[in-house]
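A.B. asks: One structure is given below, represented as structure tokens, and several questions about it will come after.
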Amino acid sequence: MRNQVYEKPRLSFSEALTEAKEKLTQFTGRSRRSEFWWCYLAYLLVSMFLGWIPFIGSLITTLAALAMIPLTFRRLHDTGRSGWWWGAGCIASVIAVIIIICQMVPLFMELADDPSLMDDDEFVIELFINMFKSPVTWIMLGLGLIYEIVMLVFFCLDSDPHANKYGESPKYVEQMQ
């Protein structure tokens, strides 16, 4: 006898937010696509409408971004992937920023010697161009774009219909026939 797999109905906006709120700090388990994307929409709306408000808006936007991290881990788990896929992107971003800053040290040293250079439009343009003239920067930007596309594909994949090492499927239910 074979188990029959049934799909649960999609979550509504309010159901998705409620479910995510109940697991706000939970990095284990799995989250459905509908839960992830409805919460991501809510995060974007909060960022758009409150992000421009000094301090309070920035604080709320930052807290909303932090609340998305466990949900991102659970969404990756739902497709059978480790949450470290997200962590690898964070680590790579920090390394990229350090490399770009190191490339700009000579200009920063020049600026430290003569702060009035910030008023010189040509110096500011040179500072900006220097950031993008290195092949290392372009390689990092290309790798970052590839990483973001891969993550988007992972987030769009359907739930694994069966239990995986991260738990039971939140979307599919198996029943004996």
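A.B. asks: Do the conditions hold for residue 76, that is, is it within 16 Å of the chain's Cα centre (by Cα) and among the hydrophobic types (A, V, I, L, M, F, W, C)?
C.D. replies: Against the criterion (within 16 Å of the chain's Cα centre (by Cα) and among the hydrophobic types (A, V, I, L, M, F, W, C)), residue 76 qualifies.
A.B. asks: Could you check how many residues of region 4-21 are over 21 Å from residue 161 (Cα atoms) and in contact with a Phe, Trp or Tyr (Cβ under 7 Å, 6 or more places away or on another chain)?
C.D. replies: The total comes to 2.
A.B. asks: If you don't mind, there's one more thing I want to ask. Given (1) in contact with a Lys or Arg (Cβ under 8 Å, 6 or more places away or on another chain); (2) assigned to a loop (DSSP other than H, G, I, E, B), where does residue 74 come up short, assuming only one miss?
C.D. replies: All conditions are met except number (2).
A.B. asks: Restricting region 21-44 to residues that are at pLDDT 95 or above and among the aliphatic types (A, V, I, L, M), which is farthest from residue 171 (Cα to Cα)?
C.D. replies: By that ranking, first place goes to 44.
A.B. asks: What number of residues within region 6-44 are in a loop (DSSP other than H, G, I, E, B) and either more than 25 Å from residue 83 (Cβ to Cβ) or within 19 Å of the chain's Cα centre (by Cα) (or both)?
C.D. replies: Of the residues in region 6-44, 12 are in a loop (DSSP other than H, G, I, E, B) and either more than 25 Å from residue 83 (Cβ to Cβ) or within 19 Å of the chain's Cα centre (by Cα) (or both).
A.B. asks: Looking only at region 45-68, which residues are within 16 Å of the chain's Cα centre (by Cα) and either without any contact (Cβ under 8 Å) to a residue 40 or more places away in the chain or loosely packed, with under 14 Cβ neighbours inside 10 Å (or both)?
C.D. replies: 45, 46, 47, 61, 62, 63, 64, 65, 66, 68
A.B. asks: If a residue has to be assigned to a helix (DSSP H, G or I) and either over 26 Å from residue 28 (Cβ atoms) or polar (S, T, N, Q) (or both) to count, how many in region 45-59 make the cut?
C.D. replies: Matching residues across region 45-59 total 9.
A.B. asks: If you take the residues in region 32-44 that are open to solvent by less than 70 Å² (accessible area, probe 1.4 Å) and among the charged types (D, E, K, R), which one is nearest to residue 164 (Cα to Cα)?
C.D. replies: 32
The values are calculated or read from the model by the stated rules, or taken from the named source; none is laboratory data. Predicted model only: the values in this text are computed from it and were never measured. Virtual Cβ from ideal backbone geometry, glycine too; neighbours counted across all protein chains shown. These accessible areas exclude ligands, DNA and RNA; they are computed on the full protein's heavy atoms, side chains included. Shrake-Rupley method; radii C 1.70, N 1.55, O 1.52, S 1.80 Å.
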